[in-house]
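I have placed the structure first, in the form of structure tokens, so that the comments after it can refer back to it.
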């Protein structure tokens, strides 16, 4: 900056900075694509200290990790997820039988699992995005699922930087709707598909399909305490992962035969230390 | 004011703020204190007016750049400006009040932190709400403002804790405003 009286003074620089901030604050998102790169630099600069703070905080708050605290229960839950995923796969294959003569069935998608440290949450308290120290150089891609405690679906990778990725939790207000299947928490029973959307208060809510069972066509009804597993067609490699527990059941006012459920994840998205990133492995799938 | 000291202190405070927010969160809500806010208020209490405004703008801009927002329909966006301008306005409140308060008391920081914080939250939320009128991004101003207001009230606690190391490190900042010569450690 030049001395007093020059063209570039500290006052003018400050005024220009304020004007630039004002312009950026009102620019539409489609014109702000360049801010991602700048944000990446800021995140990397702050990461060393935030990593240390997060490490201390995680130990003090006993944050969630990628594995279940009890390995035996974790293994059992993992097997339960696999069974449910296979059940969904079988029903999907049954639906595809009719189309077999017309086209090829893609081989079953495989996933690679990467453990990543959550080194920061979004600086704004209202946002719920998480930054995970795994990025494009590790093979992470958009659409990968973030999982904790072995089988609890936390969210989806919504943006990937070279060295880190952004995970948008399923319960984040702007996360889209997903399809889940609700099963009885204990014992076997038919599942009921629901399409649920984030409510903004940490839960998911949405209507289900009307299903019947048995010769007498008895309606299948879900109850409070039942478990919801992922069954979204767009996330087939991650089917069977636990989304949460049903905490409220009511009748859909628009269609009284259908139920409307509220699902609360067991994991607090803001208290997570490490996640497993399940990245669909296209190379293996194509072999 | 020493820019180097400010940058290093902001770096440490931002990192701790990012890292410890989960630990300091209250209940199941989004209410967690800000460590950056009391730091900006502290700078605004002692630095020359223009430097204080610039420092607040820089701190707010970094918060904007660290806030990665999930967009409806997928994808993320970083929107610089709202927190930067909010912080700059908050600094103006402190600049206006600093002639009326005891500069050498931690109570001053504890009281001014929520006051400036409310200004920051109202300004930032208003800007984001206005842009939501023509560029929807699933932003609910009332909820954000409510949790933001509680967060800045909560920030009074960390302000008390931050006062002592900041006050101890005051000579490093080399505040050169005439009104702080008595306390800044300069002879």
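Every read-out reported here was derived from the displayed coordinates using simple, explicitly stated rules and does not represent laboratory data. Keep in mind it's a predicted model, so treat the numbers as computed, not measured. Cβ: placed from backbone, ideal geometry, glycine included. Neighbour counts: every protein chain shown.
General observations
- Across region A:218-287, C-alpha contacts under 8 Å between residues 6 or more apart give a mean separation that, scaled by the residue count, equals a relative contact order of 24 percent.
- Against chain B, whose longest principal axis is taken from its Cα atoms, helix B:49-66 shows a tilt of about 30°.
- The distance separating the Cα centre of region A:227-287 from that of region B:91-127 comes to 44 Å.
- Shielding by other protein chains, A:242-248, mean Cβ within 10 Å: 0
- Distribution of pairwise C-alpha distances over region A:228-269, 10 Å bins, in %: 27, 37, 32, 3
- With all pairs of different C-alpha atoms in the average, the Kirkwood value for the hydrodynamic radius of region A:164-275 is 14.6 Å.
- Taking every residue in A:19-31 and counting other chain Cβ atoms within 10 Å of its Cβ, the average works out to 6.
- Only helices enter the 222 nm calculation for the protein assembly as shown: every DSSP H run of n ≥ 4 contributes -39,500 (n - 2.57), and dividing by all residues gives -14500 deg cm²/dmol, rounded to 500.
- Fewest neighbouring Cβ atoms within 10 Å first, the residues B:62, B:3 line up as B:3, B:62.
- Using a simple spin-label model with pseudo-atoms 7 Å out from Cα toward Cβ, residue B:134 and residue A:22 lie 1.5 nm apart.
- Alpha-carbon centroids, region A:1-60 and region A:136-172: separation in whole Å: 25 Å
- Long-range tail of P(r) for region B:21-144 (Cα pairs > 18 Å, %): 56 percent
- Between residue B:126 and residue B:167, the simple label model (points 7 Å from Cα in the Cβ direction) yields a spacing of 3.4 nm.
- Each part reduced to its alpha carbon centroid, region B:1-52 and region B:54-77 end up 16 Å apart.
- Neighbour-count ranking [beta-carbon atoms within 10 angstrom, fewest first] of A:266, A:278: A:266, A:278
- Within region A:117-187, antiparallel bridges make up roughly 100 percent of the DSSP beta bridges whose residues both belong there.
- Most fluctuating residue given options A:253, A:28, A:184, as computed from a GNM of chain A linking Cα atoms under 10 Å: A:28
- Residue with peak Gaussian network fluctuation, chain B [Cα springs, cutoff 10 Å], from B:93, B:119, B:111: B:111
- Modelled spin labels at residue A:217 and residue A:7, positioned 7 Å past Cα toward Cβ, are 8.3 nm from each other.
- Nearest 10 degrees, 0 to 90: helix A:10-26 Cα axis against chain A principal axis: 20 degrees
- Helix B:82-97 axis, angle to chain B major axis (alpha carbon atoms, nearest 10°): 30 degrees
- Cα-based radius of gyration for the protein assembly as shown, normalised by 2.2 N^0.38 Å, reads 1.11.
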